[in-house]
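The values are calculated or read from the model by the stated rules, or taken from the named source; none is laboratory data. These figures come from a predicted structure and were not determined experimentally. Counting neighbours? That spans all protein chains shown, and the Cβs are built from the backbone with ideal geometry, glycine included.
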Amino acid sequence: MKYKTLIGLEIHVELMTKSKLFCGCSTEFGGEANTHCCPVCLGLPGALPVINKKAVEYCIKAGLAFNCNIAKITKMDRKNYFYPDLVKGYQISQYDVPICSGGYVEIESEDKPKKIRLIRIHVEEDTGKSIHSEKGETLMDFNRSGVPLIEIVTEPDMNSPEEARSFLEKLKATLRYIEVSDCKMEEGSLRCDVNINVVEESTGKKSKIIEMKNINSFKGVVKALEYEEKRHRELLSQGKDTVRETRRWDEIRNETVVMRRKEGVSDYRYFPEPDLVKMEIKGEWIENIRKNFPELPQEKKERFMQEYGLPEYDSEVLTGTKELADFFEKTSKYVDDYKQVSNWIMGDILRRLKDEDMQIEDIRFNPMEFAELLNMVNKGEVGNNIGKKVLKEMFETGQSPKDIVRDKGLIQMNDEEEIKDIVNTVITQNPQSVADFKNGKNRAIGFLVGQVMKKTKGKANPQIVNKLILEIIKAK
Amino acid sequence: MISKEEVKHIAELSRLKFNEEEIEDFTRKFSEVLEYVEKLKEVDTEKAEPMYEVNSLIQLMREDKVKESIPKEDTLLNAPDKEFGYFKLPKVVE
Amino acid sequence: MKQLKIIEISAKELAERIKSKEISSEEVIKAYFERIEEAEEKVDAFITLTKEDALKSAKKTDEKISRGEKLGAIEGVPVAIKDNIVTKGIKTTCASKILENFIPPYNATVVDKIKNEGGIIIGKTNMDEFAMGSSTENSRFKNTKNPYDLSRVPGGSSGGSAAAVASLEAPLALGSETGGSVRQPASFCGVVGIKPTYGLVSRYGLIAFASSLDQIGTLGRNVEDCAFILNVISGYDDKDSTSVNMVKKDYMKYLSEDIKGMKIALPKEYFGEGVDKNISERIRESARAFEKLGATIEEVSLPYTQYALPCYYLIATSEASSNLARFDGIRYGYRAKDYSDINELYINTRSQGFGEEVKRRIMLGTYSLSSGYYDAYYKKAQKVRGLLKKDFDKIFEKYDLILSPTSPTLPFRIGERLDDPVSMYMADVLTVSVNLTGCCAISVPCGYIENLPVGLQLIGNRFNEEKILRAAYAFEKNSGTEKILPDLRGEENEI
């Protein structure tokens, strides 16, 4: 039996505005509890909301990046429900006239482009946060209450957990590119709820949709979806069905677990927010935003191929995130050989970042210093291998390459006379290798070069060493 | 006349409760009020647009500037229960 | 002219005499608190009195005056504030148990404005709980009595403010309106009350009942005083998104201009059955006074009038059910002692903290917005609201003002309507259309029937406060209506 998986996502993204959606409190992450609050975001009696223009702008920006329709006239609505982290007993959100509708995110699936359609993107306020004490009490912090969010809802166009992951990666990269959010799932600035069910292709029988919440990483999303996909298929193949419910992903047990079921279907009693009035999104404003749009990943990739003459693969990798692309470009201002820059970034730097689970923004040296190192290698001041060692030091200490080379005495030995002495010593000490070489074993040279490098702690210029060894042996 | 069950359901949505004594009297008065507002059904509103706002204003939006928050003491001033600078509650079921 | 006691001087006059150093601010505050001490045990208009703070402010004012510093428009004048308007550091309760110990950490915009102009807050006045009521009997703490007959209600929900002004406990007071809560008590207590156009006065700091209807209004002993303080509190506020950004007007400026040629409409539906015949008659008499002053009176029809009250009750309660959801015992206010989990905390806190009328309105509002009922109730009511507004727009195309009684009955006895909510709601039948359409209106005393005050209502189109003020002022000065101060002690005083 063949099954088709249907996955839809509902993503909440915290916007990178300086102040909250309806008041001037700071949105800065990690402040002392309850220090970024005011009557408005605390829901004190008598307080009133005033909407943040930048938040609306960021929502429009996201809509433009994903090819959505932007509403000309829109409004906010009240979504009424009781929960301790919801200070007013209602959330100011958008109901029937979201700022953005339609649109799509393009991903690659099985090496082909695929459009994942969006239903809508709207703006709404975030709630406070709760933590649990050991005594089993709940402690509430309202710093996050009122922070602006956009909610992005997709059609169930994703047909595999991998596609869901690609979608999330593309979404994140794009939103970071247009500087609307930093999308850090670990900090909660990107939250994802997933909906999944499975269709038996021959009979058309569908399993009931399962909703999953509180997953805190893209990896978690994939694992949870894989688990559920399997569970739905198994149940259907046994002639059974899933129960429509909300589950959460248990990382430790590697399975999904039913969350406490909510009493009945929620009746949010939506009605237009009477403390706010209609918003107009004029064509002028949209055009202005479009004009000042930063370069999107696709454009940047093409430009890299053109401007820097890089192959498609390199360009794709280097434009993976805006920060990486910026790092490449800043370095390339000072280095002529763009391919060299690309190779070093794609090889040494990205490998290190992956091992340490770091981002390019976290490294301790800047593009200028990186460029300095590359130029030192190009000029022959340090050998290529030494250069890699220097890079390692730079990662660890953040020192400039010039300082590291000086401190550790790593300057490449280019003086032929100096090298000649050492070559002579090595040749004298290794008559067998010399004999081997003379007998046609060309590889013996490598051994001799290695010995010279060892004696010079890698500092001797390898080309010169090679040349001199050949000269001296031939002369013998 | 609205039923006691419906009254109980609305009470639940409103996070209110009525004990057995109260619910009789409440249901009666509530029904009277409901009956009174039913009068609106007489009006022909086929072609009418709902008027949610009287002044037809277009929203003036705020610049994204940070304004000083109120001091933590003021935020927690009226907290019925607090600890370590947080509002305190009995455990909330997720 | 008989020498007036300090408490008998009008607010505007008081401000002038303080400025000219005829009286000191401290004298004024002391005089008023003396009066409050006398009258309060009979009237019970205040929930909180702020004598210490008021005396401190008075001393500061006197120092400012002696140093020749620039003074505010109402420097040294005492003002009473309805207890649903937040005052920083001063308990603000909405006459509810759920806020019985709530101390706001901020001031309402109107309070800041009053203080910036030198006004001195003397206390917070009693009201119907969360402004829901027409008699102030729904206060969880006390009943305020009508100064003209202590067995009767002062009206509501701003009953405390109206009674305080009427009994000379304050020269000025702020109240709030959602369906007539400034005008109706003004009428019951024989004082002047203004309901400004929706959006003219900032709602920031007014504890919300119905967001699309609420407005803060002013109460005073005469029209000029009401205009005087309206000047201080009106104006655009960027903290209130429904506040209107327009050029600020001076409401005192053209007050005494004549009203020759003004066209006044008398809607027949406001004089029909349900309105006390004596009251109707009194208003029609008063209409003749306007004619003598050069205005023309014509009878008109406002056909949707009978639907205004049910329309109001659906919209107001729907918005209220949502506005009152924040009272949950979590961040402030009353929290029940008995609960085993969060749901019980909510339910017990709200059930114990809210009074019966409040609960009833929350329930009605929730019902009206709930799934399956939204279109038939809330949305329908908003449509009827639109039709009502069209009614008024048509009238104002032809007429300058609408004249009617403020209240369909004389002040009723305490306890008389408590068991019949619909009969209580009827008290608002002549006032709610103004709130629904966002218009402005004023209630002005037009004499007494059976020794009880009667008020007449002038309604103006949105942002036409100057017109209603001018007409009310002209009537006040020329109608020959005598003013009788309320008899709290069995003595009669005449001005």
It is to be established whether one or more residues within region A:64-77 are surrounded by 21 or more Cβ atoms within 10 Å (Cβ to Cβ), over 26 Å from the mean Cα position of the chain (by Cα), assigned to a loop (DSSP other than H, G, I, E, B) and at pLDDT 95 or above. yes
Would you say C:Asp250 is acidic (Asp, Glu) and either on the phi > 0 side of the Ramachandran plot or over 22 Å from the mean Cα position of the chain (by Cα) (or both)? no
In region A:267-282, residues that are within 19 Å of B:Leu57 (Cα to Cα) and either more than 32 Å from the chain's Cα centre (by Cα) or facing chain C (nearest Cβ under 8 Å) (or both) total 11
Review point. Do we have any residue at all in region A:232-254 that's closer than 28 Å to A:Ala173 by Cβ, of a type in the set (Ser, Thr, Tyr) and out of contact with any Leu (no Cβ under 7 Å at 6 or more places or on another chain)?
Key: no
Residue hits (region C:342-355; touching a residue at least 60 places away in the same chain (Cβ under 8 Å) and either crowded, with 20+ Cβ neighbours inside 10 Å or within 18 Å of C:Phe209 (Cα to Cα) (or both)) are C:Thr349, C:Arg350, C:Gly353, C:Phe354, C:Gly355
Condition set touching an Asp or Glu at 6+ places or on another chain (Cβ under 6 Å) and touching a residue at least 60 places away in the same chain (Cβ under 8 Å), scope region A:78-106, selection surrounded by the fewest Cβ atoms within 10 Å (Cβ to Cβ): answer is A:Tyr95
Residues in region C:85-119 that are under 24 Å from C:Gly199 (Cα atoms) and either at pLDDT below 95 or of a type in the set (A, V, I, L, M) (or both) total 6
* Determine if region C:183-203 includes at least one residue that is in contact with a Leu (Cβ under 6 Å, 6 or more places away or on another chain), within 14 Å of chain A (Cβ to nearest Cβ) and surrounded by 24 or more Cβ atoms within 10 Å (Cβ to Cβ). => no
Note: among C:Tyr332, C:Tyr339, just one is without any contact (Cβ under 8 Å) to a residue 40 or more places away in the chain, buried (at least 16 other Cβ atoms within 10 Å of the Cβ) and hydroxyl-bearing (Ser, Thr, Tyr), namely C:Tyr339
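Any residue at all in region C:244-252 that's touching a helix residue (DSSP H, G or I) at 6+ places or on another chain (Cβ under 8 Å) and within 25 Å of A:Gly46 (Cα to Cα)?
The answer is no; no qualifying residue exists.
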- prompt: Is it true that some residue in region A:104-112 is within 29 Å of the chain's Cα centre (by Cα), away from chain C (no Cβ under 11 Å) and among the polar types (S, T, N, Q)?
  reply: yes
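Can you find a residue that is part of a loop (DSSP other than H, G, I, E, B), among the polar types (S, T, N, Q) and in contact with an Asp or Glu (Cβ under 8 Å, 6 or more places away or on another chain) anywhere in region C:254-266?
no
Kindly evaluate C:Ile103 against the criterion of being in contact with a Lys or Arg (Cβ under 8 Å, 6 or more places away or on another chain), within 14 Å of chain B (Cβ to nearest Cβ) and without any contact (Cβ under 8 Å) to a residue 24 or more places away in the chain.
yes
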State yes or no: is B:Ile23 in a loop (DSSP other than H, G, I, E, B), more than 7 Å from every other protein chain (Cβ to nearest Cβ) and within 22 Å of C:Val358 (Cβ to Cβ)? no
Of the residues in region B:9-31, those that are surrounded by 14 or more Cβ atoms within 10 Å (Cβ to Cβ) and not small (Gly, Ala, Ser) number 13
Scanning region C:107-125 residue by residue, those of a type outside the set (A, V, I, L, M, F, W, C) and surrounded by 21 or more Cβ atoms within 10 Å (Cβ to Cβ) turn out to be C:Asn107, C:Thr109, C:Lys113, C:Gly118, C:Gly119, C:Gly123, C:Lys124, C:Thr125
Qualifying residue in region A:340-357 (condition: part of a loop (DSSP other than H, G, I, E, B) and either modelled with pLDDT under 95 or among the aromatic types (Phe, Trp, Tyr) (or both)):
yes
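List the strands (runs of 3 or more DSSP E) inside region A:117-188, counting only whole elements, that have at least 1 residues being of a type outside the set (Val, Ile, Thr) and modelled with pLDDT under 95. Outline the logic, then answer.
Numbers: elements: A:129-132, A:137-141, A:148-154.
Where strands (runs of 3 or more DSSP E) fall fully within region A:117-188 and carry at least 1 residues being of a type outside the set (Val, Ile, Thr) and modelled with pLDDT under 95, they are A:129-132, A:137-141.
Are any residues in region C:115-158 in a helix (DSSP H, G or I) and free of Cβ contacts under 8 Å to residues at least 60 places away in the same chain, and if so, which ones?
Keep residues of region C:115-158 that are in a helix (DSSP H, G or I), which gives C:115-116, C:129-131.
Those that are in a helix (DSSP H, G or I) and free of Cβ contacts under 8 Å to residues at least 60 places away in the same chain: C:Lys115, C:Asn116.
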Being buried (at least 22 other Cβ atoms within 10 Å of the Cβ) and out of contact with any Ser or Thr (no Cβ under 7 Å at 6 or more places or on another chain) is the requirement here; does A:Lys61 meet it? yes
Among the residues of region A:255-266, is any in contact (Cβ under 8 Å) with a residue 24 or more places away in the chain, assigned to a loop (DSSP other than H, G, I, E, B), over 28 Å from A:Ser332 (Cα atoms) and facing another protein chain (nearest Cβ under 10 Å)?
yes
Here the residues within region A:389-418 that are surrounded by fewer than 17 Cβ atoms within 10 Å (Cβ to Cβ) and part of a loop (DSSP other than H, G, I, E, B) are A:Gly398, A:Lys408, A:Gly409, A:Ile411, A:Asn414, A:Asp415
